[in-house]
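The values are calculated or read from the model by the stated rules, or taken from the named source; none is laboratory data. It should be emphasised that the depicted structure is a prediction, and the values quoted were computed from it without experimental measurement. Heads up, the Cβs are rebuilt from the backbone with ideal geometry, glycines too, and the neighbour counts pull from every protein chain shown.
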Amino acid sequence: MFENIKFTNPFSELPSNFYTKQSWSSFDQPFLLHFNHDLAKSLGIQDDPEELMQIFNGSKNFIKSSPLAMVYGGHQFGNWVNQLGDGRGILFGQIDSSEGLVDLHIKGAGKTPYSRFGDGRAVIRSSVREHLCGEAMFGLGIPSSRSLMLFGSNEPVMREETERGAMIVRTAKTHIRFGHFEYFHHNKIADGVKTLLDHVIDCYYPDTKQDSDKYLLFFDATVKKTAHMVSAWQSVGFNHGVMNTDNMSILGETFDYGPYAFMETYNPNYICNHTDSQGRYSFSNQPSIAEWNCYALASALIDLFSETELRDILNKFNDYFYDSLIEKYRKKLGFKSALDSDYDLLLGLFEIMETERLDYTNTFRDLSMIITSSDDLKLSGNFSSWLASYKARLGKDENNIEQSIFVMHENNPKYILRNYLAQSAIEDAEEGKSEKIDQLIKVLSNPFDDLGKSMEKYCKPAPKEHQNQQLSCSS
């Protein structure tokens, strides 16, 4: 039973200037759109989804929760904002699970002191997108927040037009962001940064508590996890869209899904966020922005360390990122050994993909079939030339061809969350129908498996008019 889940809520034990204790606004007649049974099972939750919806909607009391809205700041599109915070969400509580501390966070819960001029609500459109993408990333093996539950309502919410309100119950290892540290540093709140560091060490790095360099170890771990997270994004063609420092987890989990996209036709300069007029958060810029964000975090820690100590760790970012990325691409190409020529081979493929507007996901997935095909392939001259070099490289590898194909299938997804599929599920959800969400979750949970002909529509490129779309930040 949910009442038997072990809640610990250590964040609520921090000083009162870290948050505001907060109740939330219920929907009158919520309706369940999806319950994540696999995630619930992993957390030891076995309750009836309808009953749980009443608890998370706020229409049924639950005494173990410690609802609060966090305060933080952040750099948004490179500009410092002194105070942000949970403007439409609350930290419901924290579970002491078998895999460590897990936050339960309700998004779309109504106004808080940090809502500024917002209504504190989320809409079905954005909530479905976040619910789906958390499972897509988890299926791909990329650290991410996930959604335990998604429910909608008939409550009108005004965005560009009137939409319907929704809530998700989001889980993550933590909701502590780079912007938390920035808030305390830039607002000159005495001991705020150190108090938060001690909390993070206690909760997430307890093995380092007695180490004299425990704070530097935390920063190094954060830089490394951030670099590895973004390398994983790049490897599957994922564009986050809003890499503000208040959207960056200190544990390297992907969260705050807004105008994200999995790239369709390969375009390294793809911008998925239509408000990003300068392309700050374009696909190709993500690694450099992640590094920039780590510098912003370092600035918030400067009172506790020397600039040299922080810079020594920051200088590791590129090694952490590129070592991880090239290893991921070697696996996508089926290589076990490493050759210096691999990088140029990869760049050659990218050039062909960009020039010929090839589908990013399907090109990598199809390579395993192309290299063993005896049929005359309809390939361009450039692709045929590249393919000859690629086959020659495979011939030098420690893997034989069967082993290479196995590695490729394990590292090149057949299914990704294409925006036009998400939009179709959204349109049904806005009518109270959830079958398309259920089906997409099933597919996205098994992205590397061949699920048969009945699921072929989920791996086809989007219609041209829906490829590499730009999306709105509003949610």
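Descriptive notes on the structure:
- Number of positions in segment 73-123 that are aromatic (Phe, Trp, Tyr), in contact (Cβ under 8 Å) with a residue 60 or more places away in the chain and surrounded by fewer than 17 Cβ atoms within 10 Å (Cβ to Cβ): 2
- Residue in segment 390-400 that is touching a residue at least 60 places away in the same chain (Cβ under 8 Å), part of a loop (DSSP other than H, G, I, E, B), farther than 20 Å from Glu356 by Cβ and under 28 Å from the mean Cα position of the chain (by Cα) present: no
- Of residues in segment 140-173 being surrounded by 22 or more Cβ atoms within 10 Å (Cβ to Cβ) and of a type in the set (Ser, Thr, Tyr), the one farthest from Phe92 (Cα to Cα): Ser144
- Some residue of segment 255-272 being touching a Ser or Thr at 6+ places or on another chain (Cβ under 9 Å), of a type in the set (S, T, N, Q), modelled with pLDDT under 95 and not in a strand (DSSP E or B): no
- For the criterion of being at negative phi, polar (S, T, N, Q) and without any contact (Cβ under 8 Å) to a residue 24 or more places away in the chain, Asn61 passes.
- Of the residues making up segment 412-470, those that are part of a loop (DSSP other than H, G, I, E, B), under 17 Å from Gly134 (Cα atoms) and of a type in the set (A, V, I, L, M, F, W, C) are Ile416, Leu417, Phe448.
- Inter-residue pairs, beta-carbon under 6 Å, first outside the structural domain of Lys194 (by TED's automatic domain parsing) and in segment 288-313, second surrounded by fewer than 20 Cβ atoms within 10 Å (Cβ to Cβ) and at pLDDT below 95, 6+ apart: none
- Tallying residues that are farther than 16 Å from Tyr295 by Cβ, free of Cβ contacts under 8 Å to residues at least 60 places away in the same chain and either surrounded by 22 or more Cβ atoms within 10 Å (Cβ to Cβ) or among the aromatic types (Phe, Trp, Tyr) (or both) within segment 219-255 yields 2.
- Counting only residues that are out of contact with any Ser or Thr (no Cβ under 8 Å at 6 or more places or on another chain) and not in a loop (DSSP other than H, G, I, E, B), segment 293-316 holds 12 of them.
- Selected residue (only one of Ser424, Ser434, Ser445 is within 24 Å of the chain's Cα centre (by Cα), closer than 30 Å to Ala166 by Cα and crowded, with 17+ Cβ neighbours inside 10 Å): Ser434
- Identification of strands (runs of 3 or more DSSP E) wholly contained in segment 1-110 with 3 or more residues that are more than 30 Å from Ala190 (Cβ to Cβ) and hydrophobic (A, V, I, L, M, F, W, C) yields 31-35, 100-107.
- For Ser284, the stated conditions do not hold, so it cannot be described as outside the structural domain of Ser144 (by TED's automatic domain parsing), of a type in the set (Ser, Thr, Tyr) and crowded, with 22+ Cβ neighbours inside 10 Å.
- Qualifying positions in segment 23-39 - buried (at least 19 other Cβ atoms within 10 Å of the Cβ) and of a type in the set (A, V, I, L, M, F, W, C): Trp24, Phe27, Leu33, Phe35, Leu39
- Remark: Ile352 falls outside the filter, which requires a residue to be among the aliphatic types (A, V, I, L, M) and either more than 29 Å from the chain's Cα centre (by Cα) or closer than 30 Å to Leu32 by Cα (or both).
- Each residue in segment 124-138 was checked for being crowded, with 22+ Cβ neighbours inside 10 Å and within 27 Å of Asn411 (Cα to Cα), and 10 of them qualify.
- Residues satisfying the stated conditions in segment 463-475, i.e. crowded, with 18+ Cβ neighbours inside 10 Å and either in contact with a Leu (Cβ under 9 Å, 6 or more places away or on another chain) or closer than 18 Å to Arg125 by Cβ (or both): Leu471, Ser475
- Filter result (at pLDDT 95 or above and among the β-branched types (Val, Ile, Thr)) within segment 5-45: Thr20
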